[in-house]
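Here is the structure we will look at.
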Amino acid sequence: MAEDGGMKPKPADTDPLSDDIKPIKNATALVSSEAKRGKRADKPKKSHLLQWMEITVTEPEKKTIASMKMQDTFVVYLIETRVTDENMQGYGEGATSVWRRYTEFELLRNYLDVTFPSVIVPPLPEKKASYAWQNVSMDRFDPDFIERRRAGLEIFLLRCAAHPRLCQDKIFMGFLHQEQGWRDTVNATDFYSKAESRLKALNAQFRLKNHDRRFEELKNYCTELQSNIGNILKIRARLCDKLYGIHKVHGNYARVFNEWSAIEKDIAEHLQSASHYMDVYSATIDAELEEEEQYADQLKEYYAFGDSVRAVCRRYECAQYDLEKAEEGLVNKSCQREALKLAIAESPVSEENNGQGKGGFSLSGVKTKLFGGDTPEQREVRLKQLDEQIVQAEAELKNVQEESQEFIELALRDIDRFQRQKTKDLQEIFTNYAVMQIKQCKKGIAIWTSAKDCFSKM
């Protein structure tokens with residue numbers, strides 16, 4: 001389970017990101033925070049990219065390419081990077097930019113997922129809108145959906161850049177800067193050949209004898225996490241449907257007050273003012289629900305994180321399965337050696353040499369007369385071969401044990417990092433969501449207060 005995608009990280013007693021975990025909202029907020037913290041220290045050690053580089057995803061652009069009498073329509077996104085630390089190479093040279101399709105983001109993530117099996121690789125934003133309320137467009141080329149996907153792709157890059165191991169990978173760095181030939185460079189790594197097959201994953205899941213309770217509990221936790229987030233998203237979608245209906249019905253108030261003003265000369269002005277406020281209230285819901293979609297996307301990211309964590313657990317099962325197979329192989333070879341030694345000791349040849357084979361009956365002697373038998377020299381050769389195979393199996397088992405132990409240590413460290421990041425992000429998401437709801441309620445109160453003032457002046 002070696003991870004060789006880039007520079008191998010130096011082992012540390014403590015997590016180098018223990019002070020770097022912050023809620024990731026956008027590039028500007030995170031990069032500026034890192035820059036300020038970097039200025040306070042005297043030449044701080046750079047543990048990840050965001051301490052000296054700014055990364056943004058901007059300007060989504062729809063493109064159409066004609067090929068083989070068919071048209072391929074897709075969206076490309078502009079990735080811009082800028083060195084922000086004067087001590088780093090490239091400082092003052094301006095921003096570099098490269099265009100990427102969503103499929104290239106997918107290729108990058110697949111590569112990172114295979115190359116770093118013990119890392120919880122951040123998920124990509126969804127390809128198609130899910131948990132949406134009824135008026136949300138399901139068109140993947142809808143401008144609002146493309147903008148939300150742009151924000152999600154930027155978050156993906158920021159999370160990778162903030163990871164102490166992913167950010168050092170050469171393929172990831174090439175994704176940010178290499179304009180031509182990047183896809184060929186990825187395919188040349190042949191990373192797909194390193195991926196665990198589904199059959200092996202199933203074998204590991206059902207044939208594993210010794211399960212690690214920590215990974216089993218984590219799998220169950222992921223299932224419950226996704227269930228809870230999914231329920232919240234369903235409730236939010238139903239609320240959006242109802243809120244949209246309620247606000248739009250207020251437009252009927254506006255229409256009726258406006259029609260009424262035509263027959264009431266004395267209070268016409270006040271009725272028209274009330275009609276205006278009802279129109280304003282009816283129109284506010286569109287922007288409010290679009291803002292809600294942004295919070296929903298942030299929750300969807302952690303729903304997808306559940307699959308990323310579960311993937312690490314599956315790879316642990318594969319590593320443990322390899323370990324148990326290596327142990328079984330060594331035991332089998334040892335048993336074969338002991339059986340061969342016993343056969344040599346009980347063979348008719350050894351009985352004859354000891355003077356004990358005169359007229360005696362033995363099963364091995366009968367087998368030898370019926371089918372023939374190995375000579376003592378052949379058995380010695382087989383015994384020597386088994387000894388060599390056992391030495392090789394012991395070395396292989398030691399290697400698998402070391403790899404398994406390294407995987408477990410790295411995976412548990414990354415899981416702890418994920419849990420701390422998740423707590424901070426969810427706190428940020430729900431706090432901001434509550435603030436947004438309070439602002440919406442205050443806006444509604446203000447509009448109805450203005451309408452009340454109109455009625456009181458009649």
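Throughout, read-outs are computed from the coordinates displayed, never taken from laboratory work. The structure displayed is predicted, hence computed values, not measured ones. With ideal geometry, Cβ positions are generated from the backbone for all residues, glycine too; neighbour counts draw on all protein chains shown.
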Q: Determine the equivalent ellipsoid of the range 276-353 by diagonalising the alpha-carbon gyration tensor, then write out the semi-axes as square roots of 5 times the eigenvalues, largest first, rounded to whole Å.
A: 76, 6, 4
Q) For the range 166-189 and the range 238-254, what is the separation of their C-alpha centers, rounded to whole Å? A) 49 Å
Q: Treat each spin label as a single point 7 Å out from the Cα along the C-beta direction, and report the residue 443 to residue 430 distance in nm.
A: 2.4 nm
Q) Hey, quick one: spin label on residue 147, modelled 7 Å out along Cα-Cβ, who in the range 277-291 has an amide N within reach, i.e. under 14 Å? A) 286-291
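Taking 0.36 nm per residue of sequence separation and subtracting the Cα-Cα distance, how much length would be gained by fully extending the chain between residue 455 and residue 394, in nm to one decimal? Provide the component values of the computation, followed by the final result.
Numbers: separation 61, 0.36 × 61 = 21.96 nm, distance 8.97 nm.
Using 0.36 nm per residue and subtracting the Cα-Cα distance, I get 13.0 nm.
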Q | Two-site FRET efficiency, residue 224 against residue 132, from Cβ-Cβ distance with R₀ of 22 Å, rounded to 0.05 | A | 0.40
Q) Could you give me the ³J(HN,Hα) list for the range 285-302, computed from phi with Karplus coefficients 6.51, -1.76, 1.60 and θ = phi - 60°, whole Hz, x at Gly and Pro? A) 5, 4, 5, 5, 6, 5, 5, 4, 4, 5, 5, 5, 4, 5, 5, 4, 4, 6
Q.
With the cut-off at 21 Å, tell me which of the pairs 248/452; 333/398; 422/443 have Cα atoms farther apart than that.
A. 422/443
Q: Report the extension gain between residue 422 and residue 97 in nm, rounded to one decimal, defined as 0.36 nm multiplied by the number of residues separating them, less their alpha carbon distance.
A: 114.0 nm
Q. Quick one: if you stick a label point 7 Å off each Cα along the C-beta vector at residue 88 and residue 387, how many nm between them?
A. 5.9 nm
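Step by step: find N for the range 240-314, compute 2.2 N^0.38 Å, then divide the Cα radius of gyration by it. What's the final number? Don't skip to the answer; put the middle values down first.
On the way: Rg = 21.5 Å, N = 75, 2.2 N^0.38 = 11.3 Å.
Normalised Rg, Cα atoms only: 1.90.
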(Q) If you take every residue apart from residue 77 with its C-beta less than 12 Å away from the C-beta of residue 77, what net charge results, scoring Lys and Arg +1 and Asp and Glu -1? (A) 0
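Would you please put 276-283, 122-129 in order of how densely packed they are, using the mean number of other Cβ atoms within 10 angstrom per residue and starting with the highest?
Working: 276-283: 19.2, 122-129: 17.5.
Packing proxy ranking, top to bottom: 276-283, 122-129.
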Q. Listed here are the pairs 127/234; 234/300; 341/384; 265/457; 209/384; which of them are more than 21 Å apart at the Cα?
A. 209/384
**Q.** Distance (nanometres) between label positions extended 7 Å along Cα→Cβ at residue 286 and residue 195
**A.** 4.3 nm
Q. In square nanometres, what is the average projected area of the Cα convex hull of the range 53-104?
A. 4.4 nm²
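What is the calculated FRET efficiency for residue 188 to residue 295, with r their C-beta to C-beta distance and R₀ = 30 Å, to the nearest 0.05? Walk me through the intermediate numbers first.
Details: r = 41 Å, r/R0 = 1.35.
The pair residue 188/residue 295 has a calculated efficiency of 0.15.
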